[in-house]
Amino acid sequence: MSNVIAIAQKELKGYFASPIAYIVLGFFSLMFGVFYYSVLLYFNQQSMQMAGMGGGAAINVNDQLIRPVFLNMSVVLLFVLPMVTMRTYSEEKRSGTIELLLTSPLTDFQIIMGKFVGAMALFLAMLATTLVHVGVLFAFGNPEWRPIATGYLGIILMGGCFVALGLLISSLTKNQIVAGMITFAVFLLLWVINWPAQFTGPTTQQVLNYLAITDHLDDFTRGIVDTKHLVYYLSFIAFGLFLTARSVDSERWRG
Amino acid sequence: MIEVQNLTKRYGPFTAVDNVSFKAERGEILGFLGPNGAGKTTTMRILTGYMPPTEGRAVVAGYDVLEKPIDAKRRTGYLPETPPLYPDMTVRDYLDFCARIKAVPRADRKARVNTVMERTRVADMATRHCAKLSKGYRQRVGLAQALLHNPDVLILDEPTAGLDPKQIIETRRLIKELGGDHTVILSTHILPEVSQTCNRVVIINKGRVVAVDTPENLTAKLRGSETMYLQIDAAGADASAALAAVPGVSRVGTSEVRGTVVGYEIESGAGRDVRRDLSAAVVSRGWGLLELRPLRMSLEEVFLHLTTDETTAPAVVEQRSGEVPVE
C-alpha cells in the first residue's frame, strides 16, 4: 500500500512539476465555466418566461440547470483526460525510468494502481474547481443535494473508465503524442458509438447503447444509482487496469 | 551470491544470450567484458528481474529471480545503461522516492539518502533538478540510487561511461570499496578498468561466455611464450647470434634500429626467466645494456584474441605482438 501511495504521489508531483496540471485544470475550469454560464442564462430566461405566463410549476434547478451542466462536463472530460494519461507509461518507457520501477521490489499491480490513483487525484482536483459553481447555486437557490452527489459519483466513475483506458493506451507506446491521440480517438468513439443506434436492429441497438460510455451517466445525473451502470463503470475500470497489467508484462517478455 | 545457470534469451530468431553460466561469490567484483551487442545488458536485465530469460535460471542473493522476484529485487541494486532519472525531480526528491519504493524503512530514509549522496559525491547538487545535471552527475545519481537500500548485489551497467578521468578514478575507488561487502557485477568495454577493479572477468561474445578467470590468469594463459624487449647500444655484428645462443632463448627478432641503438624482441619458453643470462651475455661483451623488460600480452590482446573470429584472430594477435602494451 505504501508503494502505491509513493508512486501516486510521484505521479501527482510530476503533473504539477510540468505545465500539464495547470493547463488541464485551467482548461477544464474555463470550459466548465462557459457551459455553466450559458446554461444558467438559458435557465434564467426560461424561469422569467414561466413567471411572465403566470406561474405554473416552478422549474427545477436540478433538472434544468445541473443535469445539462453535468452532461456537458462529461464531454469536456473527453478532451481533457487524454492529456492527463498520455504520458503515464509512454514517458517512462521513452526515458528509461521504467527500468527503475520494474527492477525495484514492486509488483506490476502496485505500479499500475499508483499511476491510476495519481491520475485520479488530478482528476478529482479538476472536479473540485466545479464546487465553486455548485456553491453559488446553493447560496442563491434551493437545489436538491442528493442528485448533485450522485451526479458527481457518476462523473468520477466515468472519469475512472477514461483514466484506466488511457493508462492502457499509454502502456502500448513510447510516444506520448501517439498515446494522447489514440486515447482521444477511442474516447470519442465511445461517446458517439450509439448515435446510429436508432437506425439499426433491436439487438444491435441495445449493444451499442450499452457500450456508449456517456449514456450510463444519464441516470446518475437524475439522482438514480442503478446497479447496471455501477457494474458497467466498475467492470470497465477493472478490465482496463487488468489489460494494462497484461500489456506491461508482455513488454517484459518481448523485451 | 549470484548463480547463473544455462541462461538463454531469444528475441524471435535472434539469440542475444546463449547458454551462459557463471557464479560470483560474496564480496567479489566480477567484470563483464564484451564488444557492443555481446549480450551484457541483456544478461544484467535478466539478473535484475527486468526481463525473464527464455531458458535457464538465475539466482541472486539466494532467490530465484523468476520465482521470488520481490525478494531478489530487494537485495539487488541496479544502475542501467542510461541512469533512470526523473527530469523534473530534484536529486534529493528523486533519491527519497527511490528509497520509498525500495522499502527503506521510513526512519532511516533521510539518513540513507544523505549517506549515499556523500558516498557518490552528489550532495552539492541535492536541490538541483535531474534534468539540469551533467552526464557525470547523472551517472553518479544513478549509482546513488542503486546503493540506497544497501543491497547485497550491485549490478552496474557501464558505471564509468561519460565520466571525466578524475570522476572515473573516484568511481572505480568507490566500486572497489563496495566490493568488500557487496557482490558487484559491472559491465564495461574499457579494458584497463577490468584489470584495475575486478577480481574476476567474464568475457562474452555473441551471447556466449568465452572465458572466465582472473585478469592475471587470462593474460598469462594466452601467452604461449615469454617475450622480452632488449635494447643494446654499440652491439657487435654478431649480437643476434650471441643472444640466440643464450640458453632458453627460442627466437631473436630485431624490432628497431636507431643509430647504434638496436632493440630486440626475444622469445623464450613459457615460465622460463632468461633475463639474468641475457644481461650477463650483453655486459660480458662490453655492449651497453639500455633496457630489458618483459613484454606482456595486454588484456586488450586477450580480448581481441577471444572475441574475434577464429580465422582472423591469429593474424590480429601476430600484428599486435610487436607493439608495446598500452598499460
- Message: Just to verify a result, which residue in the stretch B:62-118, among those that are polar (S, T, N, Q) and within 24 Å of A:Ser95 (Cβ to Cβ), is farthest from the other protein chains (Cβ to nearest Cβ)?
- Response: B:Thr90
- Output for the stretch A:215-255, where each listed residue is in contact (Cβ under 8 Å) with a residue 40 or more places away in the chain and within 14 Å of chain B (Cβ to nearest Cβ): A:Val248, A:Asp249, A:Glu251, A:Arg252
- Would you check if there is a residue in the stretch B:96-109 being assigned to a loop (DSSP other than H, G, I, E, B) and in contact with a strand residue (DSSP E or B) (Cβ under 7 Å, 6 or more places away or on another chain)? no
- Pair list, Cβ under 8 Å, 6 or more apart: the stretch B:35-54 residue touching a residue at least 60 places away in the same chain (Cβ under 8 Å) and within 12 Å of another protein chain (Cβ to nearest Cβ), other residue acidic (Asp, Glu) and buried (at least 22 other Cβ atoms within 10 Å of the Cβ): B:Thr41/B:Asp157; B:Met44/B:Asp157
- Failed item, numbered, when B:Lys73 is tested on (1) part of a loop (DSSP other than H, G, I, E, B); (2) within 29 Å of the chain's Cα centre (by Cα): (1)
- in a loop (DSSP other than H, G, I, E, B) and out of contact with any Ser or Thr (no Cβ under 9 Å at 6 or more places or on another chain) - does that describe any residue in the stretch A:115-134? no
- Residue satisfying all of: in the stretch B:9-19; within 13 Å of chain A (Cβ to nearest Cβ) and assigned to a strand (DSSP E or B); surrounded by the fewest Cβ atoms within 10 Å (Cβ to Cβ) among these: B:Phe14
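Out of the residues in the stretch B:151-199 meeting the condition of being of a type in the set (S, T, N, Q) and touching a strand residue (DSSP E or B) at 6+ places or on another chain (Cβ under 8 Å), tell me which one is modelled with the lowest pLDDT.
B:Thr188
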- Message: I'd like to know if the stretch A:54-71 contains one or more residues that are within 14 Å of another protein chain (Cβ to nearest Cβ) and assigned to a loop (DSSP other than H, G, I, E, B).
- Response: no
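The values are calculated or read from the model by the stated rules, or taken from the named source; none is laboratory data. All values derive from a computational prediction rather than experimental measurement. Cβ sites come from the backbone with ideal geometry, for glycine too, and all protein chains shown count toward neighbours.
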